[in-house]
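The values are calculated or read from the model by the stated rules, or taken from the named source; none is laboratory data. Everything numeric here is computed off the predicted structure, so don't read it as measured data. Methodologically, a virtual Cβ is constructed for each residue, glycine included, from the backbone with ideal geometry; neighbour enumeration extends over all protein chains shown. These area figures cover heavy atoms from the full protein model, side chains too; ligands, DNA and RNA do not enter into them. Shrake-Rupley method; radii C 1.70, N 1.55, O 1.52, S 1.80 Å.
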Amino acid sequence: MRETVSLDTNKNLKDFFVKSDLIPAIVQDEENGEVLMLAYMNEESLQKTLESGYTWFYSRSRQALWNKGATSGHLQKVCSIDYDCDDDTLLVKVIQTGAACHTGNRTCFYRRLI
């Protein structure tokens, strides 16, 4: 049985970045539950996500913020953001426009190991 999710509107964003400047953000399709991608957020990208209603991440390779879909048009409209029991991982549920993966695939998880 799934527990009820409680809304924490008073959560201090700094709490998420005590252990690290970057935390993983798992992005999931709101409609069907499909895991679309995993990216990283810093405090600034999380704040921009909350303010804009669209996903912002921190690119470890470019060392810069990026707004998912700003160039491609494959935007992610945020429906909800849950966080785990350790305050160090986010689950971002979105309405995905187009492909989530930079390869053009709907999800970044399009290959199977076993």
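How many lysine pairs does the chain hold where the Cα atoms are under 17 Å apart and the two sit 8 or more places apart or on different chains?
So the count of such lysine pairs works out to 9.
Got a sec? What order do His74, His102 fall in by accessible area at 1.4 Å, biggest, i.e. largest, first?
Largest to smallest exposure gives the sequence His102, His74.
Between exposed trypsin sites (Lys or Arg not before Pro) in the chain, where DSSP calls loop and at most 12 other Cβ atoms lie within 10 Å, what's the longest gap?
Longest stretch, sites excluded: 63-110.
Take the Cα coordinates of the chain, assign each an equal point scatterer, and use the Debye formula without solvent to give log10 I(q)/I(0) at q = 0.16, 0.23 Å⁻¹.
-0.75, -1.44
Taking Cβ-Cβ under 4.7 Å as the only way to count a partner, pick out the unpartnered cysteines of the chain.
Cys79, Cys85
What part of the accessible area of the chain, given as a whole %, is carbon or sulfur when the probe is 1.4 angstrom?
For the chain, the apolar C and S fraction of the accessible surface comes to 50 percent.
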